[in-house]
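Report on the structure given below.
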Amino acid sequence: MFNEGTIYANITPIVKSPIIGYRISGEDVLFILKKLTNKNFKNNHSLLKLVDLYNYDGTILDKCSVVYFKSPKSFTGEDVCEIFIHGSPLIASQLEKTLKSYKIPGFRIAKNGEFSYRSVLNNKNSLKQAKAVNSIISNESFSLLEYNKRLLFEGDKVSGLAPLREEIINIFSEITASIDFVDDEDFNFKNIMKKIRFFFNYCNNLLHKNRTKIEQKSICKIMLIGAVNVGKSTLFNKIIDKDRAIVTEIKGTTRDFLSNLVIIDGKKFELFDTAGQRSKQGKIEKYGYKRAQSLSREIDHFLILSDKNTKSVDLKQLFYDFSVKNNYSLIKTKSDLYNYNTKDIKINHHLDRDNVLKKIKLSSIHKKYVNNKKIELNFDINEIEFLEDILKYEQDITKEKDILIIAQLIRNILDDFSYEFGYINNEDIYDRVFSNFCIGK
Amino acid sequence: MFHVEHYDVVVIGAGHAGIEAANISEKYGLKTALITKNYSDLGKLSCNPSIGGVGKTHIASEVDILGGVICKIGDKSAIHYRVLNLSKGPAVWGVRAQIDRDLYSQNMKKFIKSSKIDLIEDEATNILEKNNKIIGVELSNIGKIKSKAVILTTGTFLNGKIYFGNESQEAGRIGNSSSKALAKFINKNFKTMRLKTGTPPRIYAQSINYDVLEPQISENNGIFLSYFTKQNTNKKINCFITKTNNKTHKIIRDNLDKSAMYSGIIKSQGVRYCPSIEDKITKFGDRNGHNIFLEPEGLNSDLVYPNGISNSLDKKIQLKFLRSIKGLEKCEVDQFGYAVEYDSVDPRELKNNFETKKIENFFLAGQINGTTGYEEAAGQGVYAAIHAAIKIKKIKFNTKVFERDNSYIGVLVDDLTKLGVTEPYRMFTSRAENRLKLRTDNSYERFSTIITPKAFNKAEYSLISKNIVNEKKILDQLKKLKYSPNNLMKKNIKVKKDGKVRNGFEVLKFLYPSPNNFYQFFNIKISQKLLTKIYFDSKYDVFYEREKKSFDQLSKNKNMKLTNIDFNKIPSLSKEILEKLNKHKPENLYDAGKISGITPSALFQIVKHKKDKGKKVA
């Protein structure tokens, strides 16, 4: 059974390394430590001790660090010990063999996530926090990692859903009170509806804001800049793979800027094709160039295109105009016409798309920028989906005039929150009712 | 030596639970004795002089349709009616009647005398059992009497203790000694807990200055407690409202050390929804004042029950704070308010049929199970008696009517026996998941499978049968009428132009529900009462469908195997629930629902988890 028996597992990979760690959690920890070290750890909790470990046959297994955490002051809330043996898989296997030799009923290897799970059961962590531990370990994105860390260290209140849960419980409590304790206080249907509308507006705003944030976060913004007619639109079209930009030989075709979302190898890019740089710009082109410039702060990476005709002053001007720092790739175009003697990427319009993509290495550019983008998040993707589910009730509830039907629908929302945050039962509601309202005679 | 009479059922205690239990037991043909310590206390309203209210009426109406007496006798003795929540849907209408205490008691006595119940005035001192099965009861004077089953309904009499300020005395309620002998038996055999409740002082009517107070006039909208009541010809009285004020609050705040509850003498859990005035002032003292409802105790009574100021303060302080209140400046008190502490049995000691798990044929009902309220007690009395009859007489009875999706009695039984209580349990409509369906105006429909001539007199039974036939006739007519969206447009009714032809019943929800309107539209005559009922049936139909679907889902639960589900993977289940699931290892969802402590919401989470899991695999 899940919450019974003492469990153990390695907490580092079992490979040759300086150290291999084991964690044991459950009521038999002290007994195991006594067997393993011949020492009583009862009064030595939360202290790292250097001790001898003994094999099942009484020989010395290892000399290593052991720490004992007394219940409830441990990760799982149970008695826990952590053993850090020398990093030999052989010693590890001997340790496991020794542990098993004690034949403790119910003693077994922990299932995936079982330590975290016990921490939730024993109220050491909330459900959200336990999920966060998991996400921290498995997350590759920096912002989400930050979010999950805050969830873990600061608690459920960090989640953007937490205030919503509070609010919907309050609303439901008020509705409950207004029905079951109607003559105890003055309840006002209009007021309740106002709160409900506010709740949904708040959900909508959150959804909009965070969806945009998360989407923005996963998009790498790339801008193509360069002199007029250097071939920006040709490259742009090649990358987006459709005839969106009009590609011509006439100077200054791209007067404003074009942008397009494109997914390459599962990664999202927003590509900006800009009006070219030239000394004599038309009014509209000048405006387009300026607009592109103003966007430059949001750009992650620039593809700076040049050819044989590009003067180095103009290139410098480009760096200046777009505040390019070290986030750029230099690309020489028309390599079929000219020979270049540089390390720059060389392309021409005869190359097929795959070849071009390979040369400009969009994937690694994506990785470099997106994973390090910092956005303060208080939602993850699942929570966004959850918000969408909640908002499905909006129409039905806000148009309804019968408070009983509204109550029924809000109860459904509460059930959804139960699934996300843990259980909400009638008693939780009554607690709120009786502390918020002076009920009863 | 046993007394000559051999009974099928002996009911101990003649309060609301006991009377209903004895009545039902007798109606189902069981030889029944009703034991009361004091004949004059039979059917006494020991707390406020009113019956009904939101949640309470809901249980009472079910008792009524099961053949109980609380509503009928209540209506006979009512001297003031109000319907709470009238502006909301009828699912939460709560008719409340002010009752003349003397009339109620007289009517109850008359009723018991006219029945075949053997009324015995004596004190039960012991429950007799052999091999954990009931054989009889021992009475203080008469001695031993044989019985196949015993229903114990002793209310707050078990180790009762009452408190005024620092004074205390042993009693179930003022004037009654508490039943120590019985308490010993109960404490020996069952897990008990100590609960607390309180009552306000009683004030002499002549000493109140009504001229300065706002009256509440009895409503006359033809809504009664009982399905069978056609009219109430009693003289009606007014109730009055007054308020506590800052002066009152100060007196109470300055004297909290003279309150039994606040000075630490009483340690047991109080009732959150029935707070004492001390609680109200401490928690919500910043209010301008707390309402007090002055409820006359009867037409000829010179006493008034001031609802809203139950307390356990010293008597002198009680008088002082009362006299600070508008209209009560010169009031005189007959009986001061007090707090009561008493033992109740942990209702998880009971099986689903209210028989104790430990002793066969021993049933407990009423306040002894940790509930509060006349109506809650009455519901349990009926429930226990029906199950005693099923057990002893093998009567045929479809117990499905007591599932929690079909009745408030079901909700109460389920909550008590599965979850237990931490404070006296009172019914709220919000406890019922199927609130839209569990209405007072359709209890005859919800209990239709068990309505029997045994439970009623001839007139009552023919009334109910006639009404059911009439309703069916009207519904059949309605369902034959067909309307297209265009037809409805012409009649000024806006519906979706979905081409769907609706029948009369489906159209009903779009009409204003007056009999006149109904007649003009459908050319069918109908009473307002029936119209209101079927109007809301029409309106809630889609929600019934939804509720039914989710209940059907639960009915399918017997087929939903849980053997390969790892409950630990359902993150939203609480620790207690997980432990229970893991301990009992239910084979299917239906069994899971029967485990003590498993709530419908938890079941929902399991179903959802199972579905989600299915999706991911696909």
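None of the figures in this text is laboratory data; all of them are computed from the coordinates on show. Here the structure is a predicted model, which means the values were calculated and not measured. Reconstructed Cβ throughout: ideal geometry from the backbone, glycine too, with neighbour counts over all protein chains shown.
Odds and ends about this structure:
- Net lengthening on full extension, A:Asp57/A:Leu409 (0.36 nm per residue, minus Cα-Cα): 120.2 nm
- Under 5 Å from the amide H of B:Lys144 lie the amide H atoms of B:His3, B:Leu139, each residue being 5 or more positions distant or on a separate chain, with H modelled from the backbone and absent for Pro and chain starts.
- Using only side-chain charges placed at the Cβ, +1 for Lys and Arg and -1 for Asp and Glu, the dipole size of chain B relative to its Cα centre rounds to 2680 debye.
- Residue pairs, from the table B:Lys56/B:Lys585; B:Lys500/B:Lys608; A:Lys63/A:Lys124; B:Lys267/B:Lys569; B:Lys196/B:Lys235; A:Lys401/B:Lys533, whose Cα atoms sit over 29 Å apart: B:Lys56/B:Lys585; B:Lys500/B:Lys608; A:Lys63/A:Lys124; B:Lys267/B:Lys569; B:Lys196/B:Lys235
- In terms of its C-alpha gyration tensor, segment A:7-119 has a rounded overall shape, because the principal axis ratio a/c (a ≥ b ≥ c, square roots of the eigenvalues) stays below 1.5.
- Where labels lie 7 Å past Cα in the beta-carbon direction, separation of A:Asp431 and B:Lys496 in nm: 4.1
- With loop membership from DSSP and a limit of 16 other Cβ atoms within 10 Å, the longest segment of chain A without chymotrypsin sites (Phe, Trp or Tyr not before Pro) is A:103-337.
- Exceedance of the 30 Å cut-off in Cα-Cα distance is limited, within the set A:Lys399/B:Lys473; A:Lys232/A:Lys367; B:Lys280/B:Lys539, to A:Lys399/B:Lys473; B:Lys280/B:Lys539.
- Calculated FRET efficiency for the pair A:Leu50/A:Asn371, C-beta based, R₀ 30 Å, to 0.05: 0.15
- Counted residue by residue at 0.36 nm each, then reduced by the alpha carbon distance between them, the extension gain from B:Ser527 to B:Asn470 reaches 19.5 nm.
- Full-extension gain in nm, B:Lys250 to B:Lys569, via 0.36 nm per residue minus C-alpha separation: 109.4 nm
- Spacing of the modelled spin labels on A:Lys358 and A:His208, each 7 Å from Cα toward Cβ, amounts to 4.6 nm.
- Close lysine pairs were tallied over segment B:316-406: pairs 8 or more places apart or on different chains with Cα atoms under 27 Å apart number 19.
- Computed over neighbours whose Cβ is under 14 Å from that of A:Lys39, the net charge equals +4, Lys and Arg +1, Asp and Glu -1.
- Of all DSSP beta bridges confined to the protein assembly as shown, the antiparallel ones make up roughly 65%.
- Global geometry of the protein assembly as shown, whether rounded, prolate or oblate, following the gyration tensor of its Cα atoms and the 1.5 cut on a/c: prolate
- Chain A: antiparallel DSSP beta bridges as a percent of all, rounded to 5: 60
- Violating pairs (Cα-Cα greater than 26 angstrom) within the set B:Lys113/B:Lys148; B:Lys482/B:Lys525; A:Lys34/A:Lys73; A:Lys73/B:Lys191: A:Lys73/B:Lys191
- DSSP bridge pairs, chain B: antiparallel proportion in percent, nearest 5: 70
- As a calculated quantity, the FRET efficiency between A:Ser65 and A:Asn123 at R0 = 41 Å, using C-beta atoms, amounts to about 0.90.
- Considering only A:Ser335, B:Val10, A:Leu90, the residue lying farthest towards the positive end of the dipole of the protein assembly as shown is A:Ser335, judged by Cα position with unit charges set on Cβ.
- Seen through its C-alpha gyration tensor, with square-root eigenvalues sorted a ≥ b ≥ c, chain B comes out rounded because a/c lies under 1.5.
- Estimated FRET transfer efficiency (B:Lys561, B:Glu403; beta-carbon r; R0 22 Å; 0.05): 0.50
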